[in-house]
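Working notes, structure below.
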Amino acid sequence: MTTSLFELAPTLGEQDALSVAQAQAFIAQSITAITETETLPLKQLSGRVLAADIISPINVPAHDNSAMDGYALHATDLNAGSLRVVGTAFAGKRFSGTVGRGECVRIMTGAVMPQACDTVVPQELTRDNTEHSVSIPAGVVLAGANRRLAGEDLALGKAALHKGKLLTPADLGLLASLGIGEAPVQRKLRVAHFSTGDELRSIGEPLAEGCIYDSNRYTLHGMLSRLGCEVIDMGVVKDDPASLEAALRQACEQADAIITSGGVSAGDADYMKQLLASLGEVLFWKIDMRPGRPMAFGKLTANGHSAMLFGLPGNPVAVMVTFYFFARAALRQMMGATPLPQLIARVRSAQPIRKKPGRTEYQRGIITLDAEGLQSVRITGSQGSGILSSMSEANCMVLLQHAQGDVQAGELVDVMLFEGLL
Ligand code: AMP
Ligand code: MG
């Protein structure tokens, strides 16, 4: 191992409680991105991370062209009154004649601007159109109006997309507009995950008294798939040192990152700590947050293969919250993606919310339109960290910041929407 995590974090003792921001910053500085790349065709690029800048090989658009159906002319003729129509320019079929003073060309949207024309008067602003003449009322458009300039979308030789861009449908279209049919991207990040707990049963197994079905396995599978990871599902592992060690070693060899759930709370920590210490460097944190207070983070090595470890708490909501607010950004960083700002909106709270200063709270919220058509957010019924139905009902996370106290009804609160446009 090159750098010690503990060296990077001299102020964080193993048992220290730390704020969400401290934990996020520490994780961010401990991550290195994978370097292997692959080249994929356009249709497979959505959600992938671009591995090199894409330099535009052409101007888009290639020529000045019309933004409207109408008449192309030189701006000096805008006040000339009636003009002679000397031809027609279609999209894909230019007018190659000359256009003199007092003359214009009928032009369609997307058609190349005829030589010596710099302005387009939209069809609906003209009068007395015949095949051979048209009147332009004075002052209907400004000089240069309704003309798209060559290269105004993408300029030849400039970076159209930068390395690290998480590719969206718009980027696929943008690459297509450059005539580019494939691009280099980072290979998919391999993430292994397993659930720990003797009480856990898998679907199809009978549920003995005191046992529960393993739900974290599926929420994690869903979240990792959405993030574009290659998911290695290792199922349920019993709370037993030999099984856990075998699972962690196997995960190290197969994956770039390992996500476990359960077994990191105070009762289990000593036992997990010894095991994890033998495989690498792991910090056990008590984070000033709710839900999701206990969490382990570190780097494990087995047979010369290393993997980052995210030891998430066991409670189903805590798993999702710690994944979204710690693991997600770290995995994106491992994928080589340029960090994106957290898109936080401010929405009026429909109710008072109790909040203790000194910890970050992630409450599950439902944003609706109120009687005046304005957005407001209310909190889902029960906020217990085991109440997964609150996560399912919610359409946003309400972020109650570290220093924040009680929220009054009508006050603005920070929210992060589960659903975006893309
Ligand atoms: P732990 O952190 O292991 O003490 O687990 C905390 C709580 O979460 C316990 O009530 C566990 O039964 C529950 N839990 C742990 N893992 C899972 C899982 N994979 N699916 C559902 N509940 C779980
Ligand atoms: Mg457990």
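The values are calculated or read from the model by the stated rules, or taken from the named source; none is laboratory data. Note that the coordinates shown come from a computational prediction; the quantities given were computed from them, not determined experimentally. Backbone-built Cβ (ideal geometry, glycine too); neighbour counts: all protein chains shown. Remember, those area values only see protein heavy atoms, side chains included, never the ligands or the DNA or RNA. Shrake-Rupley method; radii C 1.70, N 1.55, O 1.52, S 1.80 Å.
For the reader, a short list of remarks on this structure follows.
- Karplus-based coupling profile of segment 299-313, in residue order and whole Hz: 9, 10, 9, 9, 6, x, 9, 10, 8, 7, 10, 10, x, 8, x, with θ = phi - 60° in 6.51 cos²θ - 1.76 cosθ + 1.60 and x standing for Gly or Pro.
- Extending 7 Å from Cα along the Cβ direction at residue 69 and again at residue 21 yields two label points whose distance is 5.7 nm.
- In Hz, Karplus ³J(HN,Hα) per residue of segment 72-87 (6.51, -1.76, 1.60; θ = phi - 60°; x = Gly, Pro): 8, 8, 8, 4, 5, 9, 4, 10, 7, x, 8, 10, 7, 8, 9, x
- What the phi angles of segment 407-413 give under the Karplus curve with 6.51, -1.76 and 1.60, with θ = phi - 60°, is a coupling list of 9, 8, 4, x, 6, 7, 10 Hz, glycine and proline written as x.
- Percent accessible area from carbon and sulfur atoms, segment 45-115, protein chains only, probe 1.4 Å: 52 percent
- The DSSP beta bridges internal to the chain are antiparallel in roughly 65% of cases.
- Among 395, 303, 315: highest mean-square fluctuation, GNM of the chain, C-alpha pairs under 10 Å: 303
- Between the C-alpha center of segment 180-194 and that of segment 246-302 there is a gap of 25 Å.
- Calculated [θ] (222 nm, deg cm²/dmol) that DSSP helices of n ≥ 4 give over the chain, each run adding -39,500 (n - 2.57): -5500 deg cm²/dmol
- Percent carbon-and-sulfur accessible area, segment 310-365, ignoring ligands, DNA and RNA, probe 1.4 Å: 55 percent
- Amide H contacts of residue 164: 50, 51, 52, each under 5 Å away and 5 or more positions distant or on a separate chain (H built 1.01 Å from N in the peptide plane; Pro and chain starts excluded).
- Accessible area per residue for the chain, computed on protein heavy atoms with a 1.4 Å probe, is 48 Å².
- Compared with the dominant Cα axis of the chain, that is its longest principal axis, helix 216-226 is turned about 20°.
- Listed residues 332, 190, 201, most fluctuating in the chain (Gaussian network, C-alpha, under 10 Å): 201
- Rounded accessible area of residue 55 (nearest 10 Å², 1.4 Å probe): 90 Å²
- With Cα atoms, 0 to 90° folded angle of helix 20-30 axis to the chain main axis: 80 degrees
- Förster radius 30 Å - calculated FRET efficiency between residue 162 and residue 351, Cβ distance, rounded to 0.05: 0.10
- Each of residue 340 and residue 302 was given a label point 7 Å from its Cα along the Cα-to-Cβ line. The distance between the two points is 3.3 nm.
- Amide proton proximity set for residue 69, modelled H, under 5 Å, gap of 5+: 109, 123
- Built amide H within the under 5 Å cut-off of residue 87, gap 5+: 106
- The chain: most fluctuating residue of 103, 124, 281 per GNM, C-alpha cutoff 10 Å: 124
- Cα shape, segment 65-148, gyration tensor, a/c 1.5 rule: rounded
- Net charge, residue 47 excluded, C-beta distance under 13 Å - Lys, Arg +1, Asp, Glu -1: +4
- Placing a label point 7 Å from the Cα of residue 40 along the Cα-to-Cβ direction, the residues of segment 211-249 whose backbone N falls under 18 Å of that point are 222-232.
- Computed over the chain, Kirkwood Rh from alpha-carbon pairs, angstrom: 25.7 Å
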